[in-house]
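Since the structure comes first, as structure tokens, the remarks are kept for the end.
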Amino acid sequence: MVEQTLAGKVAIVTGSSSGIGAAIVRELSSRGANTVISYPFPNLKDEADAVVASLPSPAIAVLSDMAQIETPQKLVDAALAQWNRIDILVNSVGLAVNKPFEDQTLKDWDLLVNVNGRGTFLMTQTVLPHLTKGTGRIVNIASISARGPPPNQTIYAGTKGMVDSFTKCWAKELPPKYGCTVNSVSPGPTRTEGFAAAGEEQMKVLQPIIDQTPVGPRMAQPDEIAYAVAFLCEERARWINGVHLIASGGLFID
């Protein structure tokens, strides 16, 4: 059994009914945390409920489209109603559009900026007044695309660059006020449903890059990213703040 180092803690993980977000929920739950699972559309309720059913610690699933400005308050209210505390926020939500620059549209811009950028911004603002003072943890999921982007990811890379910069600002500004830490994890290519949807043409671009990964010519597994996130949520990580932890097998080295 995994040591229950997060027993009694409450974590909100956005974008967590599948992919990296779901893996983060599983890892935090395995360490004893109670978790709030966020899923964006009603047709994904069964998927979210299946994640809840698979967890060893208590969890709830909340319908929560991060493109909507009222969603962060909905997630915070659900966590407080269930457990009356919030200790961990993982801003995991993220959407990508893989198209040549000339084909990217204002609709793509609005969707990605609102979900990846504004969603992270508003979620963190909404959680802060309720974050357990002195031991709170905020972990943002950025991407190596923010610092070493491949072709066809102009908007996605830009929004993850926002998240990267948010982390740097917040790591200096928020701990003196809230006693929390703020860090980010940047995954490289990871075997998720979202990555699979990138399409054959984008994989022709990405596969040669993936093949250059020093640790091994493969994509990451979601649980490998989740472990990095959980490490930053531990009490013993109390002196780690402002870190940009790159989990890419050495594909990108800052």
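In region 69-103, how many are outside any helix (DSSP H, G or I), open to solvent by 30 Å² or more (accessible area, probe 1.4 Å) and polar (S, T, N, Q)? Of the residues in region 69-103, 2 are outside any helix (DSSP H, G or I), open to solvent by 30 Å² or more (accessible area, probe 1.4 Å) and polar (S, T, N, Q).
Restricting attention to region 32-62 and to residues that are within 17 Å of the chain's Cα centre (by Cα) and hydrophobic (A, V, I, L, M, F, W, C), the residue that is nearest to Val229 (Cα to Cα) turns out to be Ala33.
Give me the residue from region 1-24 that is modelled with pLDDT of 95 or more and β-branched (Val, Ile, Thr) and, out of that set, most open to solvent (accessible area, probe 1.4 Å). Going through the qualifying residues, I end up with Thr5.
Of all residues in region 205-221, those satisfying the criterion of being under 16 Å from Glu193 (Cα atoms) and not hydrophobic (A, V, I, L, M, F, W, C) are Arg218, Gln221. Exactly one residue out of Val139, Val51 is within 18 Å of Leu6 (Cβ to Cβ) and in a helix (DSSP H, G or I): that is Val51. Scanning region 7-31 for residues that are assigned to a loop (DSSP other than H, G, I, E, B) and under 12 Å from Val229 (Cβ atoms) yields Ser16, Arg31. The set of residues in region 41-68 that are over 22 Å from Glu27 (Cβ atoms) and open to solvent by less than 90 Å² (accessible area, probe 1.4 Å) comprises Leu63, Asp65, Ala67, Gln68.
For every residue, the table says whether it meets (1) open to solvent by less than 40 Å² (accessible area, probe 1.4 Å); (2) out of contact with any Asp or Glu (no Cβ under 6 Å at 6 or more places or on another chain); (3) outside any helix (DSSP H, G or I).
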| site | (1), (2), (3) |
| --- | --- |
| Lys204 | no, yes, no |
| Gln207 | no, yes, no |
| Thr213 | yes, yes, yes |
| Asp223 | no, yes, no |
| Phe231 | no, yes, no |
| Ile240 | no, yes, yes |
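For Arg218, the criteria (1) more than 16 Å from Ile144 (Cα to Cα); (2) not in a helix (DSSP H, G or I) hold in every case but one, which is (1). Taken residue by residue, region 148-161 has no member that is surrounded by 16 or more Cβ atoms within 10 Å (Cβ to Cβ) and under 19 Å from Leu28 (Cα atoms). Of all residues in region 166-202, those satisfying the criterion of being assigned to a loop (DSSP other than H, G, I, E, B) and closer than 15 Å to Pro149 by Cα are Gly188, Pro189, Ala198. Considering only residues in region 107-147 that are touching a residue at least 60 places away in the same chain (Cβ under 8 Å) and among the hydrophobic types (A, V, I, L, M, F, W, C), the one that is farthest from Ala11 (Cα to Cα) turns out to be Ile144.
The numbered conditions (1) in contact with a strand residue (DSSP E or B) (Cβ under 7 Å, 6 or more places away or on another chain); (2) surrounded by fewer than 16 Cβ atoms within 10 Å (Cβ to Cβ) are all true for Thr190 except (2).
Look at region 72-98: where a residue is touching a residue at least 12 places away in the same chain (Cβ under 8 Å) and more than 17 Å from Ser18 (Cβ to Cβ) and a partner is basic (Lys, Arg) and outside any helix (DSSP H, G or I), sitting 6+ places away or on another chain with Cβ atoms under 7 Å, you get Asp87/Lys9; Asp87/Arg137; Ile88/Lys9; Ile88/Arg137. Looking at Pro149, Pro222, just one residue is under 20 Å from Gly94 (Cβ atoms) and modelled with pLDDT of 95 or more, and that residue is Pro222.
The values are calculated or read from the model by the stated rules, or taken from the named source; none is laboratory data. If you're wondering where the values come from, they're calculated on a predicted model, not measured in any experiment. Don't worry about glycine lacking a Cβ; one is built from the backbone with ideal geometry, like all the others, and counts go over all protein chains shown. For the accessible areas, the whole protein counts, side chains as well, though only heavy atoms, and no ligand, DNA or RNA atoms are used. Shrake-Rupley method; radii C 1.70, N 1.55, O 1.52, S 1.80 Å.
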